[in-house]
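Please treat every number below as a calculation from the coordinates, not as lab data. Please read all numbers here as calculations on a predicted model, not as lab measurements. Quick reminder, even Gly has a Cβ in these numbers, built from the backbone with ideal geometry, and neighbours come from all protein chains shown.
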Amino acid sequence: MARLVDLLAQRSVLEIACGTGYWTQFHAEKAKAVTATDFNEAVLSIARARLQDRGNVQVRQADAFSLKNPGPAFDAGFAGFWWSHVERQRMDAFLDGLHACLLPGSRVVFADNLYVEGNSTPVSRTDGDGNTYQIRRLADGRRFEVLKNFPTRAEFEHVAGRFGGEVHFEASAYFWCGWYDLPD
């Protein structure tokens, strides 16, 4: 968590798929400004309540796949636990859209889960494009198949390396954080 906060410190951050604002509350402590976006208005209402006392945070509805520069000039982009929910065949288009909202030289940061055998929900299937899925069960018994890709260091470096200079990737037992800076 400290690494994430430090990577975004003193930057104007465009956050994609902020959900309930859980991660926003932490990196907003040191960020200059944060525009936290999500497509789902239900989770945005939770984020607004959680972040209401943060004068440097704006919460806005936005579609991560068709961003229309949702705010001022951003010198950082962040998505926590979102990379894994983007289909492999849509990743470049998503990143192109994100980068179009950022200033040259901006930092781009992602954090997400690692697949840990015996701890993670098992992968239920892999499609023809290499996307993996899990079955999620709700307390009421309903079941949903959820896209959940788990990139390796090499995969992240390959994808991110097409857009930025030096690519960084750090992993702990259950999570990874990757980042790069866009060219000036």
Quiz prompt | Computed over the chain: relative contact order in percent, which uses C-alpha pairs under 8 Å that are six or more apart | solution = 18
Quiz item: Using the Kirkwood formula over every pair of different C-alpha atoms, what hydrodynamic radius in Å results for the stretch 61-103?
Solution: 11.0
Practice problem: With the Cα gyration tensor of the chain in hand, give its eigenvalues times 5 under a square root as the equivalent ellipsoid semi-axes, listed largest first in whole angstrom. | Solution: 25, 21, 16
Practice problem: For the stretch 1-100, just say rounded, prolate or oblate: build the C-alpha gyration tensor, square-root its eigenvalues into a ≥ b ≥ c, call rounded for a/c under 1.5, and beyond that prolate if a/b exceeds b/c, oblate if not. | Solution: prolate
Exercise. Any chance you could list P(r) for the stretch 82-148, counting all Cα-Cα pairs in 5 angstrom bins from zero, rounded to whole %?
Key: 3, 14, 19, 21, 16, 12, 9, 6, 1, 0
Exercise. Springs between alpha-carbon atoms under 10 Å, Gaussian network over the chain: tell me which of Ser84, Ser124, Ser45 tops the mean-square fluctuations.
Key: Ser124
Exercise. Would you mind ranking His158, His99, His27 by Cβ crowding within 10 Å, fewest neighbours first?
Key: His158, His99, His27
